[in-house]
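Here the structure is laid out as structure tokens; the discussion comes afterwards.
The values are calculated or read from the model by the stated rules, or taken from the named source; none is laboratory data. Computed from a prediction, not measured in an experiment: that's the story for all the values here. Heads up, the Cβs are rebuilt from the backbone with ideal geometry, glycines too, and the neighbour counts pull from every protein chain shown. Heavy atoms of the whole protein, side chains included, go into the accessibility calculation; ligands, DNA and RNA do not. Shrake-Rupley method; radii C 1.70, N 1.55, O 1.52, S 1.80 Å.
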Amino acid sequence: MSKTQSNPRERPSETAKKGLRAKSGEETAEISATAPIRAQEFDPHFKHEVSKTHGGEKLKQCFQCGTCTSDCPIARFSDSYRPRTLIRMTLLGLKDRVLTSETLWLCAACFTCTDRCPQDVEVASVIRILRNTAVEKGYMPQIFKELGSSILETGVAYRIPDLRLKKRAQIGLPPLPKGNPEAMTKLAKATGFSKLLKRGEQA
Amino acid sequence: MTAPEKNAKTTPKPTRFLLFLGCAIPYRVSSYEISTRKVLQQLGIELVEMPEYNCCGLPIDPVNHSMTLTLAARNLCLAEQQGLSIIALCPGCAGTLRKVNKKLKENKELKEEINGYLKATGLEFKGTIEAKHVLQLLVEDVGLEKIKASVKTPLTRLKVSEHAGCHVTRPADSVDFENPEDPQALKDLVEATGAEYVEYVDKLACCGAPIAGVNDRIPLQLTKEKLTHIRNAGAHAMVTVCPFCHMMFDTNQPRIERLFNETLRIPVLHYPQLLGLAMGFSPEELALKALRVDATQIVSRISGKEDAS
């Protein structure tokens, strides 16, 4: 991978609005994140909105110690993914930057940061809230469109080929229980999930 | 272990559970299912197929948290209808089901919200059952003593390392199983087979699998790092209890070797395969052939037939 081995302390290369590609393989260096921050970018209400959402209640307790980043398994191998930075951007109200940031999608949800935060901030849950909000705005990596539509059509996240199902019988495994796509559609409609998926497909 | 043993005498432990297979296991990791069924049957655990189950919800948590909670809750409702607790083989499924079960039991407001969504399908979450990962079932419901007693051929010649997978214990508050900073369950279970347990640096670190769909380089680097540490620690093999971790360590191992120019050749067994070998099941019965990294050396070593090559 010939990615720019720049100084890891450099400002993370985020805000890749158009860069939300699945299987990008590497983090593309973008310029927008390093662009100077303009005063009108700050949304003072953003941190309050996030703290009102389930899992974001402790956001404002963050004192930027950086435990989340130093203990993050992904940050070790990424030049740009820094959970502390995502939290800081959220607290500052850099809403558009954080929601369009490509690194938002690099959290593996291992919950090490959540378990180790000395201020009890549910870091991984805050990142989940940011992702959910980004999706509402139409940013969704391809992989989630695939997983989501498979769940709606089959009940499970991966489409299991017929060959696999036949093989189950051959090796003496009981048949796989049938899914209930009708129930999936109803629940997706009730929660608003189907709307989000459609928006993602159009984007 | 005195307190749980006392409890065991007063209330008999359940032995019948609903099997929650999830998405990844029937899709790609049947060997985990095959070996788990064999081993649990031997230990007197009866598994009931779970009708019309759906994805636990975790894969789409980044898209819409409400849908994740609702999908998990639907599974819990189906189990409530059967009056049986759930055993999941995938830590992602187990963690999500446990977390949602706990949150809905504790948070009335959230329960009402999710029940509002479930109403469309005629279901209602009541909070009458439990959900567990198979690892938790083995240490809590079956018990180490019974597992040790089931071992016919102690694997004393084998050095085994492990990677349990994050969601078996994290986030600690909601999964509510064992201390994620010093987990014991899988260590105890490896030792119960008679094998020597091998510690290594960064044992608790994530394998990176969850972001493989967005970035394939970082997960491979993470897994390579861990495999290298396991090799350097002198393990003959390692075990996992997660289909995604298994794909990273086993399925991707040849790719990692090529990409990073490393020689690893570390067989990665599903824990039930290791226990099954100790119980006396044949490698065929445990689907050892389905592993990408050849495990015949392990089988030879157990039977004392390994040669110097």
### Query
If you scan region A:111-148, which residues turn out to be more than 9 Å from chain B (Cβ to nearest Cβ) and among the polar types (S, T, N, Q)?
A:Gln119, A:Thr133
### Message
Condition first: crowded, with 16+ Cβ neighbours inside 10 Å, β-branched (Val, Ile, Thr) and not in a loop (DSSP other than H, G, I, E, B). Now tell me which residues in region B:282-298 satisfy that.
### Response
B:Ile298
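Of the residues A:Thr67, A:Thr34, A:Thr15, which single one is out of contact with any Gly (no Cβ under 7 Å at 6 or more places or on another chain) and at pLDDT 95 or above?
Values: A:Thr34 fails: at pLDDT 95 or above; A:Thr15 fails: at pLDDT 95 or above.
On inspection, the qualifying residue turns out to be A:Thr67.
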### Message
I'd like to check something: does region A:91-104 contain any residue that is surrounded by fewer than 23 Cβ atoms within 10 Å (Cβ to Cβ), in contact (Cβ under 8 Å) with a residue 24 or more places away in the chain and not in a helix (DSSP H, G or I)?
### Response
yes
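Condition first: of a type in the set (A, V, I, L, M, F, W, C) and either part of a helix (DSSP H, G or I) or within 27 Å of B:Glu145 (Cα to Cα) (or both). Now tell me which residues in region B:31-58 satisfy that. Step through it out loud before you land on a result.
Of the residues in region B:31-58, the ones of a type in the set (A, V, I, L, M, F, W, C) are B:34, B:39-40, B:43, B:45, B:47-48, B:50, B:55-56, B:58.
Within region B:31-58, B:Ile34, B:Val39, B:Leu40, B:Leu43, B:Ile45, B:Leu47, B:Val48, B:Leu58 qualify.
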### Task
Answer with yes or no whether B:Ala73 is assigned to a helix (DSSP H, G or I), at the interface with chain A (Cβ under 10 Å from one of its Cβ atoms) and open to solvent by less than 30 Å² (accessible area, probe 1.4 Å).
yes
### Query
Going by the structure shown, is B:Cys56 closer than 23 Å to B:Ile211 by Cβ, facing another protein chain (nearest Cβ under 7 Å) and either open to solvent by 30 Å² or more (accessible area, probe 1.4 Å) or within 18 Å of the chain's Cα centre (by Cα) (or both)?
no
### Message
Against the conditions (1) open to solvent by 30 Å² or more (accessible area, probe 1.4 Å); (2) assigned to a helix (DSSP H, G or I), where does A:Cys65 fall short? Just the number, please.
### Response
(2)
### Summary
Considering only helices (runs of 4 or more DSSP H) wholly within region A:123-170, the ones with at least 1 residues that are surrounded by fewer than 20 Cβ atoms within 10 Å (Cβ to Cβ), touching a Pro at 6+ places or on another chain (Cβ under 7 Å) and of a type outside the set (Phe, Trp, Tyr) are A:142-154, A:162-170
### Query
For region B:161-257, which helices (runs of 4 or more DSSP H) that fit wholly inside it have 2 or more residues that are farther than 21 Å from B:Cys23 by Cα?
B:172-175, B:185-192, B:217-232
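Taking region B:97-114 as the region of interest, how many residues are in contact (Cβ under 8 Å) with a residue 12 or more places away in the chain and open to solvent by 10 Å² or more (accessible area, probe 1.4 Å)?
Here is the first cut: in region B:97-114, the residues in contact (Cβ under 8 Å) with a residue 12 or more places away in the chain are B:97-105, B:110-111, B:113-114.
Of the ones still in play, those that are also open to solvent by 10 Å² or more (accessible area, probe 1.4 Å) are B:98-99, B:102-103, B:105, B:110-111, B:113.
Number of matching residues: 8.
So for region B:35-43 (the condition being open to solvent by 10 Å² or more (accessible area, probe 1.4 Å), more than 7 Å from chain A (Cβ to nearest Cβ) and of a type outside the set (S, T, N, Q)), does at least one residue qualify? Spell out the reasoning first.
In the first step, residues of region B:35-43 are kept if they are open to solvent by 10 Å² or more (accessible area, probe 1.4 Å); the result is B:37-38, B:41-42.
Then drop every residue that is not more than 7 Å from chain A (Cβ to nearest Cβ), which leaves B:37-38, B:41-42.
In the following step, the residues that additionally are of a type outside the set (S, T, N, Q) were identified as B:37-38.
Checking region B:35-43: at least one residue is open to solvent by 10 Å² or more (accessible area, probe 1.4 Å), more than 7 Å from chain A (Cβ to nearest Cβ) and of a type outside the set (S, T, N, Q).
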#### Entry: Residues (open to solvent by less than 60 Å² (accessible area, probe 1.4 Å), closer than 26 Å to B:Leu69 by Cα and not hydroxyl-bearing (Ser, Thr, Tyr)) located in region B:156-204
B:Ala164, B:Gly165, B:Cys166, B:His167, B:Val168, B:Arg170, B:Pro171, B:Ala172, B:Val175, B:Phe177, B:Glu178, B:Pro180
